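Student: One structure, pasted below without further comment.
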Amino acid sequence: MAASPTTLRLTLHVWRQAGPERPGGFEVHHLAEVSVDMSFLEMLDILNEQLLSQGRDPFCFDHDCREGICGMCSLVINGQVHGPEAEITTCQLHMRHFADGDTIVIEPFRARALPVVRDLVVDRSALDRIIAAGGYISTDAGSAPEANALPVSTAVADEAMDAAACIGCAGCVAACPNASAMLFTAAKVSHLALLPQGAPERDRRALAMVERMDDEGFGGCTNERECQAACPKAVSVAHIARLNREFLRSSVLGRS
Amino acid sequence: MSAASDRLDARCPGGDMATRWTRHKFDLDLINPANRRGFHVIVVGTGLAGGSAAASLAEMGYSVTSMCIQDSPRRAHSIAAQGGINAAKAYRNDGDSVHRLFYDTVKGGDFRARESNVHRLAEVSNQIIDQCVALGVPFAREYGGTLANRSFGGAQVARTFYARGQTGQQLLLGAYGSLMRQVHAGRVNLLPRREMVELVVSGGNACGVIARNLVTGEYERHAADAVLLCTGGYGNVFRLSTNAQASNVTAAWRCHRRGAFFANPCYTQIHPTCIPVSGAHQSKLTLMSESLRNDGRVWVPSRAGDERAPGDIPEAERDHYLERRYPSFGNLVPRDVASRAAKRVCDEGFGVGATGTAVFLDFADAIARDGRTAVEARYGNLFQMYEMITGEDPYRVPMRIFPAVHYTMGGLWVDYNLETTVPGLFALGEANFSDHGANRLGASALMQGLADGTFVIPATITAHLAGRSFERVDVGAPAFAEAEAEARARNDRILGVGGGSTVTSLHRELGQCMWNLVGMSRSAAGLGEAIERVRELRDRFWADVRVPGEANHLNPSLEHAGRLADFLEFAELLATDALSREESCGGHFREEHQTAEGEALRNDEDFCHVAAWEHGALGSTRHTEPLTFEEVHLVTRSYK
Ligand SMILES: Cc1cc2nc3c(=O)[nH]c(=O)nc-3n(C[C@H](O)[C@H](O)[C@H](O)COP(=O)(O)OP(=O)(O)OC[C@H]3O[C@@H](n4cnc5c(N)ncnc54)[C@H](O)[C@@H]3O)c2cc1C
Ligand code: FES
């Protein structure tokens, strides 16, 4: 077998858009020497450096931690949210997963509730507003009881942690044919519904968050499961089932 | 040598250490709940410090404005912390106590922290855990349902609470939830994608900030009765660090230029367990949590230049140099000790990997002892992260690790109330200097961020708001106009240079200079050279930087350029501070000051003080705050 190459030549089709109300389109660029050890965002850094040296505008893209936890990076890569590898974010994708001569199409997350800000950057503030509607436990600083007063079984703590692992990247929205934020909302509702601390607010939480989600213009859930497949943290659609139960419960109990 | 300054009154309460905080809270003025709404506080930053401060103050009834660089407050750099958070709960029945956590932190900080502050930190640590659990942070649990703990670098007790390898994320999401609750209640005005570019000072008091809306490019004026700076650390002055890309010194530096003293900038922490650099394209370094050292064994081949695969090197030909040199702490010695030891073996030619700048962190023994499942349960996501980045499977091949810049103990000087030398300006979290001395122990930054924001500032902010009279200044005042004009002029000047060097390439040069000459090991000659090179680079930046586009739209190159411009000023102060501190302590290692065995040599005679720098048109002036140790006796740190 021939040794795999250590650098790649790539053709990139990258989305360019000056602002939310402006028309957008793809620009084609070529990169000659992309190291297989680079991350995908480092490859975009190289592209931007190349554009700068040619006196052209670099592409705007969101990123910060570059280690898969802040949820800032996004991108649809060759039609796939966060690229071809399962359970990682774009910043964790490494170029060794591409081949010499590949063409890569790079687009922003697309959804009505996530308008483009510029190029590959979108506005995800709608997700913050869903959380603001009820994605928390209302305990003021200073009023908490002793931490060990309320035992939580490891199984429950683990399941709550699985849900709480959501990084709020909006990949689930971008992957969903209906642009629904159901998995995002379900992850938070489920995390808090599982824990005994979350119980006092169960009667209103799910209802308030789902209403907010609808108001923001996200679509409904029709069980396509694309969200779970795209989720970099493998948040399960089982949490959507729990959200539905919580929603029913709060629709009955929380309206008063 | 600089003399003790009367500008640096730490306002620490005296008397019995254990009751200082309680007495101080009693002595502070209170503000009637009904009157709090009339006070407006700006909180810059939404990490653990800023997020919890904004939420807590709003819960109490204050009117709060909260801003951050990212598109959501949930993405602050605190999110990336992996390992855990300390507290003196003593749930393990292993002899832990508030006093021991206090003692360990003072000692771990190599006797360069203020005792009163550290004691308070240890005291409120337990309340933090209570609060986080109440907010639904899914901490790891024992089978009986109680909270689990692990031990972390530098401690012989298990006092670290954790949520898998995502403790920072879970804590931050807790604080973020509380913050969003207050946003919903209309008590917090949340401004994401904003960068604070100037502090506004009028009549000697902080009275607001100038922020740039990063999407529209507009400059905004925000007035307030107090400003809390919670903007994190400055590790990116080295360019490559474990910090997030947007981490910066700009906010702190702008405050410094308007009168806030900058304390101990040379105290930087290098983390021993990071993934080594793979090439020039590298944009950040990834930390492998220090908790790995609980089960991983650090070693290099006993023979320099041994190129055999690690599995082919028999036990007898491996040097577990930490276990050998520090028998009682072994692989768990503090970060600075572990980092320098790694550098030393690599400098001597024992390093491994393609570049020779790495050591092994081996889990074979842990897997043999506890089974792969147990190891996976503890570190699964870290192992996965390692494999993703390097393409190697750490269950089969030992990890390769090397130190990287991780945390900065230095920061704005603050008194016991967390107030800087500019009245009305407070600094919290990593942005201040107060609690970790010359070296921070693992799992205590998260503790400090939440302590400052949740329990300290809600009590101490009244020192300004109620304790003194100050004039309200509105955004039409000349101080705002002048500060805004300066911020605009700076960005316009950057856009106008139109040279040939990209911001990234200049930042890379700065980083190389700082890492090589002001990094793990420093000398007078190297520091002098660094200062020269930083000045030259600063001149080159202003003569030759190239930033495309305009100021009136999302322009990441312009943001980066502004931050680099401030790093280029700050870097000189960092090196100058390192040069003037003629001793080795904690994360600051001067080659001239070491024992025959290469251990750090502190100089308590001349340097048992905080160095706080005042900005001036003609250069910086060094002031000192003497440190006294009443409870923990000054001794040489020993981890033998
Ligand atoms: C990879 C990693 C792992 C770590 N693991 C641990 C651990 O296990 N345990 C532990 O105790 N500590 C750990 N630390 C350290 C700890 O995470 C940080 O010290 C701590 O989270 C800092 O919190 P902070 O609130 O002070 O600042 P940050 O969380 O850094 O927040 C800074 C905030 O300020 C904002 N900001 C900055 N500049 C500006 C500006 N000019 N204008 C407007 N907003 C601005 C940012 O947007 C952000 O919201 C780790 C650090 C790293 C890098
Ligand atoms: S940049 Fe933080 S998750 Fe990708």
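Student: Hey, does segment A:247-256 have a residue that's at negative phi, of a type outside the set (D, E, K, R), buried (at least 22 other Cβ atoms within 10 Å of the Cβ) and at pLDDT 95 or above?
Tutor: No, because not a single residue in segment A:247-256 is at negative phi, of a type outside the set (D, E, K, R), buried (at least 22 other Cβ atoms within 10 Å of the Cβ) and at pLDDT 95 or above.
Student: Quick check on segment B:348-366: of everything there that is among the aliphatic types (A, V, I, L, M) and part of a loop (DSSP other than H, G, I, E, B), which residue is most open to solvent (accessible area, probe 1.4 Å)?
Tutor: B:ALA354
Student: Just need a number here: residues in segment B:188-230 that are within 12 Å of ligand 1 (Cβ to nearest atom) and within 14 Å of chain A (Cβ to nearest Cβ).
Tutor: 8
Student: Now a separate question. If you check B:GLY429, B:GLY453, which single one turns out to be near ligand 1 (Cβ under 9 Å from one of its atoms) and away from chain A (no Cβ under 14 Å)?
Tutor: The conditions single out B:GLY429.
Student: Here is a list: B:LEU537, B:LEU517, B:LEU554, B:LEU601. Which entry is over 17 Å from B:LYS343 (Cα atoms) and touching a helix residue (DSSP H, G or I) at 6+ places or on another chain (Cβ under 9 Å)?
Tutor: So the residue among B:LEU537, B:LEU517, B:LEU554, B:LEU601 that is over 17 Å from B:LYS343 (Cα atoms) and touching a helix residue (DSSP H, G or I) at 6+ places or on another chain (Cβ under 9 Å) is B:LEU537.
Student: Just for segment A:18-54: of the residues that are in a strand (DSSP E or B) and under 23 Å from B:TYR386 (Cα atoms), which one is nearest to the chain's Cα centre (by Cα)?
Tutor: A:SER39
Student: Do you know which residues across segment B:69-93 are more than 17 Å from the chain's Cα centre (by Cα) and more than 10 Å from every other protein chain (Cβ to nearest Cβ)?
Tutor: B:ALA88, B:ALA90, B:ARG92, B:ASN93
Student: Which is within 9 Å of ligand 1 (Cβ to nearest atom) and closer than 29 Å to B:PRO334 by Cα, of B:LEU418, B:LEU446?
Tutor: B:LEU446
Student: Another question, if that's okay. Being of a type in the set (A, V, I, L, M) and within 14 Å of chain A (Cβ to nearest Cβ) is the filter; apply it to segment B:456-475 and report the residue that is farthest from ligand 2 (Cβ to nearest atom).
Tutor: B:ALA459
Student: Sort through B:VAL106, B:VAL118, B:VAL133 and tell me the only one that's of a type outside the set (D, E, K, R), away from chain A (no Cβ under 14 Å) and farther than 26 Å from B:VAL44 by Cβ.
Tutor: B:VAL106
Student: Quick check, is B:ARG239 away from chain A (no Cβ under 14 Å), under 24 Å from the mean Cα position of the chain (by Cα), of a type in the set (D, E, K, R) and farther than 30 Å from B:CYS132 by Cα?
Tutor: So B:ARG239 does not fit the description; no.
Student: Can you confirm whether segment A:73-87 contains a residue that is buried (at least 22 other Cβ atoms within 10 Å of the Cβ), part of a strand (DSSP E or B) and either assigned by TED's automatic domain parsing to the domain that holds A:ALA165 or not small (Gly, Ala, Ser) (or both)?
Tutor: Yes, there is a match, as at least one residue in segment A:73-87 is buried (at least 22 other Cβ atoms within 10 Å of the Cβ), part of a strand (DSSP E or B) and either assigned by TED's automatic domain parsing to the domain that holds A:ALA165 or not small (Gly, Ala, Ser) (or both).
Student: Among the helices (runs of 4 or more DSSP H) lying completely within segment A:91-183, list those that include at least 1 residues that are open to solvent by 50 Å² or more (accessible area, probe 1.4 Å), at pLDDT below 95 and more than 7 Å from chain B (Cβ to nearest Cβ).
Tutor: none
Student: Limited to segment B:367-403, what total is found for residues that are over 28 Å from the mean Cα position of the chain (by Cα), charged (D, E, K, R) and outside any helix (DSSP H, G or I)?
Tutor: The number of residues fulfilling the criteria is 3.
Student: Could you check how many residues of segment B:346-369 are at pLDDT 95 or above and over 15 Å from B:MET399 (Cα atoms)?
Tutor: 3
Student: So, in segment B:549-606, how many residues would count as being open to solvent by 50 Å² or more (accessible area, probe 1.4 Å), away from every other protein chain (no Cβ under 14 Å) and without any contact (Cβ under 8 Å) to a residue 12 or more places away in the chain?
Tutor: Counting residues in segment B:549-606 that are open to solvent by 50 Å² or more (accessible area, probe 1.4 Å), away from every other protein chain (no Cβ under 14 Å) and without any contact (Cβ under 8 Å) to a residue 12 or more places away in the chain gives 4.
The values are calculated or read from the model by the stated rules, or taken from the named source; none is laboratory data. Note that the structure is predicted; figures quoted are calculated from it, not measured. With ideal geometry, Cβ positions are generated from the backbone for all residues, glycine too; neighbour counts draw on all protein chains shown. We work out accessible area using only protein heavy atoms, side chains counted, and drop any ligands, DNA or RNA first. Shrake-Rupley method; radii C 1.70, N 1.55, O 1.52, S 1.80 Å.
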